[in-house]
Amino acid sequence: MDPSMTTNALAQLRDIHLPDPVAFWPLAPGWWAVVFALLATAVLIAFFGRRRQRSARRAALGEVARLEAGYSATRDTCALASGLSALLRRISLLAGERVQVASLHGAARARALESSAAGFSPSLLAGIEAAVYRSPNREVPGEDVHAWLDAVRDFIRRAS
């Protein structure tokens, strides 16, 4: 082999040419599918979360209506107050942190319900809790009962 041919062959070699860098935009079809799937998942999660929240509100308002109908039939303020108190606790557990809300009672519960986003009058809660432990034949003014029912309905609508 002739040494001059080797040098000529080496002189004819060109430098390595790299391809152009891959562009970020426009996206490949696979990435469009991923973006669409993520958006669809987010929409479905929001839809079903909102639906669950609305169904809990509807169930709670139905419970208030059932308690009101029971009170209208029996005039048992003790049963009404007990049901409203339990319903308030369930709604506050659903809306807030379970660990903080579950152990509260009395004045601490009233402060927590008052400071919650939905707000609830501590005096109304005190009236409800006092009526739970009264004798069933002791009458409570009708205005108080209607105030309790309206306040619980407002609390449910704002809390959930």
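Just so it is clear, none of the values below were taken in a lab; they were calculated from the coordinates. These numbers were taken from a predicted model, which means no experiment stands behind them. Backbone-built Cβ (ideal geometry, glycine too); neighbour counts: all protein chains shown.
Provide, in order from the shortest bin, the percent of all Cα-Cα pairs of segment 31-159 in each 5 Å bin, continuing until the bin that contains the maximum pair distance.
Percent of Cα pairs in each bin: 2, 10, 19, 20, 16, 11, 7, 5, 4, 3, 2, 2, 1, 0, 0.
Where does the longest stretch of the chain lie that holds no chymotrypsin sites (Phe, Trp or Tyr not before Pro) found in a DSSP loop with 11 or fewer other Cβ atoms within 10 Å?
It works out to 25-132.
If one takes the longest principal axis of the Cα atoms in the chain, at what angle in degrees, from 0 to 90 and to the nearest 10, does the Cα axis of helix 3-12 lie?
40 degrees
If you take the beta carbon distance between ARG57 and LEU27 as r and set R0 to 41 Å, what does 1/(1 + (r/R0)^6) give as a FRET efficiency, to the nearest 0.05?
After rounding to 0.05, the efficiency reads 0.50.
According to a simple spin-label model (label point 7 Å from Cα along Cα-to-Cβ), what is the distance in nm between GLU114 and THR74?
3.2 nm
What's the longest bit of the chain with no exposed GluC sites (Glu not before Pro), using DSSP loop states and at most 16 other Cβ atoms within 10 Å as the test?
1-96
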